[in-house]
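Enquirer: The following block contains the structure, expressed as structure tokens.
No lab work stands behind these numbers, since they all come straight from the coordinates. Just so you know, these numbers come straight off a predicted model, no measurement behind them. Here the Cβ positions follow ideal geometry from the backbone for every residue, glycine too, while neighbour counts run over all protein chains shown.
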Amino acid sequence: MPGTPESGDQSKPLTALGFDFGVKYIGVAIGQTLTGSARALKIFRARDGQPDWQALIAYIEQWQADVLIVGLPLNMDGTESEFCRRARKFARRLREHSRKPVQMFDERLSTRTAKLETRASGPTNTPGKGLQASVDAQAARLILESWLSQPEFATSPDGKSNQR
């Protein structure tokens with residue numbers, strides 16, 4: 001599976017971290033372009049959408065991520081929700097703080113699907129606060145899996161398409 005446009009070498013396998021942005025919790029997942037798979041990692045607590053940036057950046061460095069993917073909460077008709085503005089702002093700040101390429105990917109139904117999966121399988125061992133931690137981290141996994149299967153549909157935090 002190819003890398004991202006920002007990676008330069010499009011054949012180089014990449015490590016990606018996916019983020020499910022929320023005002024209270026930010027779910028995180030990790031994935032590999034080589035395998036096309038992703039797994040939930042953890043959540044970060046946020047205050048009105050603001051994480052502990054120092055801890056979050058240290059986590060990104062720990063996992064040696066090449067690219068960061070943030071879920072874009074579009075309305076079901078494909079239009080941008082009010083929450084998209086906040087998610088884009090988070091993505092731009094993530095890019096500034098991490099100095100890594102950041103892309104956004106449609107996250108419609110990811111949280112709903114994650115809730116259904118979590119209820120069906122029971123809470124996972126995702127570090128954080130019980131069921132909600134599982135849901136947010138699993139939503140990040142679903143966002144990342146979608147990006148891994150169709151990276152050409154990602155957009156930049158500034159709203160520009162990455163399609164060629």
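Enquirer: What is the fewest-to-most order of 136, 106, 52, 77 by other Cβ atoms lying within 10 Å of their Cβ?
Expert: Fewest-to-most ranking of 136, 106, 52, 77: 77, 52, 106, 136.
Enquirer: Moving on. Extending each Cα 7 Å along its Cβ direction at residue 45 and residue 83, get the distance between those two points in nm, one decimal.
Expert: 2.1 nm
Enquirer: So, one more: Work out from phi, with θ = phi - 60° and the Karplus expression 6.51 cos²θ - 1.76 cosθ + 1.60, the ³J(HN,Hα) of each residue of the range 89-95, listed in order in whole Hz, and give x for Gly and Pro.
Expert: Here the 3J(HN,Hα) series is 4, 4, 5, 5, 5, 4, 4 Hz.
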